[in-house]
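Written below as structure tokens is the structure these notes are about.
The values are calculated or read from the model by the stated rules, or taken from the named source; none is laboratory data. Note that this is a predicted model, so its numbers are computed, not measured. Cβ sites come from the backbone with ideal geometry, for glycine too, and all protein chains shown count toward neighbours. The protein model used for the area step is the full one, side chains on, heavy atoms only, and it has no ligands, DNA or RNA in it. Shrake-Rupley method; radii C 1.70, N 1.55, O 1.52, S 1.80 Å.
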Amino acid sequence: MKNVLLFVLCCFVTTLSWAQDENAALPKKDKKEKPPIDLYKIISHDRDTTYIDTTLSIQKEYKFNYLRKDNFELLPFANVGQTYNTLAYDFSRKNFKPLFVAQGHHFNYEQIEAISYYSVPTPLSELYFKTAFEQGQQLDAFFTVNTSKQFNFSISYKGIRSLGQYQQALASTGNFRFTSNYHTKNNRYKIRAHIVAQDILNEENGGLLSTSIPLFVNNIGNFDDRARLDVNFENAENKLEGLRFYGDHEYELISQRDSVSYNILSIGNQISYEDKFYEYRQLAPFAGYGASYEAANLKKETTLEDFNAQAFAKLDNSLLGKIGAYVGYTNYNYGYNSVLILDDGRIPNRLQGDIITAGANYKKQYKGFALEGEGFINVAGDFDANYVKGAASFSFNESNRVKASASIHSSAPNFNFLLYQSDYVNYNWQTSFNNVKTQELQFELKSKKLLDASLTYTGIDDYTYFAIQPNDSTPTPQQYNERVDYIKVKAEKEFRYKRFALMNTVMIQQALTGGEVLNIPEIITRQSIYYQDEWFEKAAFIQAGVTFKYFTEYNMNGYDPVLAEFYVQNDQKLGGFPLVDIFFNAKVRQTRIFFKFEHVNQLFNSTNSHFSAPTYPYRDAVIRFGLVWDFFL
């Protein structure tokens, strides 16, 4: 980490000097003059632009959490910084090669598409703070500045350390982000880059011991102090690390713009290198995971080196729309430091090779209509993959829009389905699974007067999953030889009456086929009834209310700490418990303050049925608070 920070500092000093030499500083403004908020721009990976939002709304309440996004479809574990169980699935991610291992620890891992870039008229900083569980806090600090009209950089760090209420449940994570972007005065040349260093450390305890579960469920004795409950082991931890360098630039070969038409032809390329690392460590083997190759100090490292380069061309024409095409090259190197020799064969230590990909995309808007299309195919390499998507939408006005899309996708299963090694005998395998083939149809309605709704159908062939087979004690990779058909309907609507509001979110879903391998609750619902008004002669905006969340009972997936993955189990139904939160929030100038009494109904339960996964309890009632503070310098 020290080397990364030193490298960033050198890059910053160099680019800062370059930008200041080439461009004059921003013009000085009257100290009393405050730039409009829409000049504080946030630019996404796809170059869509929004601006800083300092308002307080019910959506901000939903996003005030560790992930800083609405986790309606997720169920967190007892300690902040731990993993999440999945209540509803999204199969829309497009990838042309296998994903890395330990996907259960990737909820807080920021991918290339999640990184934003900025343009601001004055320096801007944001501070996020929230209490955690037992000896810990979480913090997300962010700063960005334009040294000139053309050059911006940002630096941020998101960290958490929380001991947790149960034995051996500490979570310690860090996400360091540095971004920069530059464009020439005529805006024909653009370049941007980021460096991201991430580490996610979790102590693992294997869940509650079988003798502790009745004590938890029945509220026996003094076991409301959760540290008194015995867990399966207290000597293990796993860690996910990643370091990524990314950059892209483009130049407008043809740049013709006037008041009625435009014709822009751009060429460019992007390049990235990412080094990822996952490790499971345990001082002594746990008998429940079977035999081990080591009698003590179990430790196995999994690594991935991933290099990507892409060259692209884009045409943006007022008549034809936006047309783009690209060719990409990838070199990957996944695996371990040693080969495993078994009585019945040999498990290699590496999957490495090259992939060449070609793709194209299209977008056209005409009045209220919009057409979109994109696709890619692996034309060479060890992994076959393809993706095609088409979408059409119509906007009746700013408040009402409908959209329909269809996609097909084929890609290899994740790396840990294909090759995995461990010091535990049961966790070693090499497979030759088929590509996972996904087809998806989606319909969306967004209407301020009616409601926001979506219907998604997903069909999957050769679905891959982890499961514990009969006569086994640990999960192994499986490929389903039948089809999975999955449908979900989600609707959101807010009703307002004077200073009161009721926000409703409901999801109904079902696995039409393949329900034995795709475990989901049929209903997820969340209602928030709240009051909001300006107090103290409009010096503060107040928001106070209650949120109720519920999902039906189902065969909840189990969690395996060796893999840091969830596995399918059909022996135990969990869920069916309400989650009631009481919140009181306030906005004072540019500061939003949040108070919440989480899971307050747990205090009135005679028994505890709240679990995040088999043997892993959900968090108890707790009061937490925090703030988001924006500084416009």
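Among (1) without any contact (Cβ under 8 Å) to a residue 40 or more places away in the chain; (2) open to solvent by less than 90 Å² (accessible area, probe 1.4 Å), which single condition is residue 332 missing?
Just one mismatch for residue 332, condition (1).
Do the conditions hold for residue 487, that is, is it touching a residue at least 40 places away in the same chain (Cβ under 8 Å) and either open to solvent by less than 20 Å² (accessible area, probe 1.4 Å) or among the hydrophobic types (A, V, I, L, M, F, W, C) (or both)? Spell out how you get there, then give the answer.
Working: touching a residue at least 40 places away in the same chain (Cβ under 8 Å): no; either open to solvent by less than 20 Å² (accessible area, probe 1.4 Å) or among the hydrophobic types (A, V, I, L, M, F, W, C) (or both): yes.
Criteria not met by residue 487.
List pairs: first in the stretch 233-249 and outside any strand (DSSP E or B), second not aliphatic (A, V, I, L, M), Cβ under 6 Å, 6+ apart or cross-chain?
233/206; 233/286; 234/167; 234/168; 235/282
Keeping to the stretch 378-393, report how many residues are under 9 Å from residue 355 (Cβ atoms), under 26 Å from the mean Cα position of the chain (by Cα) and assigned to a strand (DSSP E or B).
The total comes to 1.
Just the residues that are more than 32 Å from the chain's Cα centre (by Cα), hydroxyl-bearing (Ser, Thr, Tyr) and more than 19 Å from residue 476 (Cα to Cα), please, taken from the stretch 251-306.
Scanning the stretch 251-306 gives 255, 259, 261, 262.
Would you please list the contacts, defined by Cβ atoms under 6 Å and residues six or more apart or on different chains, that run from a residue in the stretch 104-131 that is more than 13 Å from residue 68 (Cβ to Cβ) to a residue that is in a loop (DSSP other than H, G, I, E, B) and open to solvent by 10 Å² or more (accessible area, probe 1.4 Å)?
Sorted first by the residue in the stretch 104-131, then by its partner, the pairs are 113/45; 121/35; 122/633; 123/633.
Yes/no matrix, rows are residues, columns are (1) open to solvent by 60 Å² or more (accessible area, probe 1.4 Å); (2) among the β-branched types (Val, Ile, Thr); (3) part of a strand (DSSP E or B):
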| residue | (1), (2), (3) |
| --- | --- |
| 584 | yes, no, yes |
| 587 | no, no, yes |
| 594 | no, no, yes |
| 603 | yes, no, no |
| 608 | no, no, no |
| 619 | no, no, no |
| 623 | yes, yes, yes |
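Against the conditions (1) open to solvent by less than 30 Å² (accessible area, probe 1.4 Å); (2) in contact with a strand residue (DSSP E or B) (Cβ under 6 Å, 6 or more places away or on another chain); (3) at pLDDT 95 or above, where does residue 132 fall short? Just the number, please.
Only one criterion is unmet by residue 132, namely (3).
Going through the stretch 287-329 one residue at a time, which ones are over 30 Å from residue 239 (Cα atoms), open to solvent by 50 Å² or more (accessible area, probe 1.4 Å), in a loop (DSSP other than H, G, I, E, B) and in contact with a strand residue (DSSP E or B) (Cβ under 8 Å, 6 or more places away or on another chain)?
320
Given 150, 168, 138, which one is open to solvent by less than 40 Å² (accessible area, probe 1.4 Å) and within 24 Å of residue 33 (Cβ to Cβ)? Quick ask: steps written out before the conclusion?
Details: 168 fails: within 24 Å of residue 33 (Cβ to Cβ); 138 fails: within 24 Å of residue 33 (Cβ to Cβ).
Residue meeting the stated conditions: 150.
If I filter the stretch 192-213 for residues that are under 30 Å from residue 323 (Cα atoms), within 32 Å of the chain's Cα centre (by Cα) and open to solvent by 60 Å² or more (accessible area, probe 1.4 Å), do I get at least one hit?
no
I want to confirm something. Restricting to the stretch 394-446 and keeping residues that are of a type in the set (A, V, I, L, M, F, W, C) and assigned to a loop (DSSP other than H, G, I, E, B), which single residue is most open to solvent (accessible area, probe 1.4 Å)? Don't jump to the end; show me each part of the working.
Pass one, the stretch 394-446, residues of a type in the set (A, V, I, L, M, F, W, C): 394, 396, 402, 404, 406, 408, 412, 415, 417-419, 425, 429, 433, 436, 441, 443, 445.
Applying the additional criterion that residues be assigned to a loop (DSSP other than H, G, I, E, B) yields 412, 433.
Values: 412: 8, 433: 52 Å².
Per the criteria, the residue is 433.
Please work out if residue 263 is in contact (Cβ under 8 Å) with a residue 40 or more places away in the chain, assigned to a strand (DSSP E or B) and not aromatic (Phe, Trp, Tyr). So that I can check it myself, show each step before the final result.
Details: in contact (Cβ under 8 Å) with a residue 40 or more places away in the chain: yes; assigned to a strand (DSSP E or B): yes; not aromatic (Phe, Trp, Tyr): yes.
So residue 263 passes the test.
For the stretch 425-451, which positions are in contact with a Pro (Cβ under 8 Å, 6 or more places away or on another chain) and of a type in the set (A, V, I, L, M, F, W, C)?
Hits for the stretch 425-451 are 429, 433, 436.
Among the strands (runs of 3 or more DSSP E) contained in the stretch 482-576, which hold 1 or more residues that are within 30 Å of residue 282 (Cβ to Cβ) and touching a strand residue (DSSP E or B) at 6+ places or on another chain (Cβ under 8 Å)? If you could, list the steps in order and put the result at the bottom.
Values: elements: 484-497, 500-513, 523-535, 540-551, 558-560, 565-567.
Correct list: 558-560, 565-567.
Going residue by residue through the stretch 582-605, is there one that turns out to be touching a helix residue (DSSP H, G or I) at 6+ places or on another chain (Cβ under 6 Å), closer than 20 Å to residue 63 by Cα, aliphatic (A, V, I, L, M) and at pLDDT 95 or above?
Scanning the stretch 582-605 turns up at least one residue that is touching a helix residue (DSSP H, G or I) at 6+ places or on another chain (Cβ under 6 Å), closer than 20 Å to residue 63 by Cα, aliphatic (A, V, I, L, M) and at pLDDT 95 or above.
Could you please let me know if residue 373 is crowded, with 16+ Cβ neighbours inside 10 Å, out of contact with any Asp or Glu (no Cβ under 8 Å at 6 or more places or on another chain), assigned to a strand (DSSP E or B) and free of Cβ contacts under 8 Å to residues at least 24 places away in the same chain?
Numbers: crowded, with 16+ Cβ neighbours inside 10 Å: yes; out of contact with any Asp or Glu (no Cβ under 8 Å at 6 or more places or on another chain): yes; assigned to a strand (DSSP E or B): yes; free of Cβ contacts under 8 Å to residues at least 24 places away in the same chain: yes.
Yes: the conditions hold for residue 373.
Restricting attention to the stretch 213-232, and to residues there that are out of contact with any strand residue (DSSP E or B) (no Cβ under 8 Å at 6 or more places or on another chain) and outside any helix (DSSP H, G or I), which single residue is modelled with the lowest pLDDT? If you could, list the steps in order and put the result at the bottom.
First pass over the stretch 213-232, keeping only residues out of contact with any strand residue (DSSP E or B) (no Cβ under 8 Å at 6 or more places or on another chain): 213-215, 217-225, 227-228.
After this cut, where a residue has to be outside any helix (DSSP H, G or I) as well, the list is 218-225.
Numbers: 218: 91, 219: 86, 220: 84, 221: 75, 222: 83, 223: 87, 224: 85, 225: 89.
Filtering first and then ranking leaves 221.
For the stretch 35-73, name all the residues that are farther than 14 Å from residue 627 by Cα and assigned to a helix (DSSP H, G or I).
Residues satisfying the conditions are 37, 38, 39, 58, 59.
For residues that are at pLDDT 95 or above and closer than 24 Å to residue 329 by Cβ, tally how many sit in the stretch 382-406.
Of the residues in the stretch 382-406, 7 are at pLDDT 95 or above and closer than 24 Å to residue 329 by Cβ.
This table checks each residue for (1) open to solvent by less than 30 Å² (accessible area, probe 1.4 Å); (2) β-branched (Val, Ile, Thr).
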residue: 452; (1), (2): no, no
residue: 456; (1), (2): yes, yes
residue: 459; (1), (2): yes, no
residue: 469; (1), (2): no, no
residue: 472; (1), (2): no, no
residue: 478; (1), (2): no, no
residue: 505; (1), (2): yes, yes
residue: 511; (1), (2): yes, no
residue: 516; (1), (2): no, no
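Mind counting the residues in the stretch 74-107 that are farther than 19 Å from residue 277 by Cβ, of a type in the set (A, V, I, L, M) and either open to solvent by 10 Å² or more (accessible area, probe 1.4 Å) or part of a strand (DSSP E or B) (or both)? It would help to see each step written out before you state the result.
The first filter runs over the stretch 74-107 and keeps only residues farther than 19 Å from residue 277 by Cβ, leaving 74-80, 82, 84-96.
After this cut, where a residue has to be of a type in the set (A, V, I, L, M) as well, the list is 74-75, 78, 80, 87-88.
Pick out the ones that are also either open to solvent by 10 Å² or more (accessible area, probe 1.4 Å) or part of a strand (DSSP E or B) (or both) and you get 74-75, 78.
So the answer is 3.
Could you list, in sequence order, the residues of the stretch 537-584 that are touching a residue at least 12 places away in the same chain (Cβ under 8 Å) and acidic (Asp, Glu)?
Initially, the stretch 537-584 is screened for residues touching a residue at least 12 places away in the same chain (Cβ under 8 Å), giving 539-584.
Once the filter is applied, which keeps residues that are touching a residue at least 12 places away in the same chain (Cβ under 8 Å) and acidic (Asp, Glu), the stretch 537-584 yields 553, 560, 565, 571, 581.
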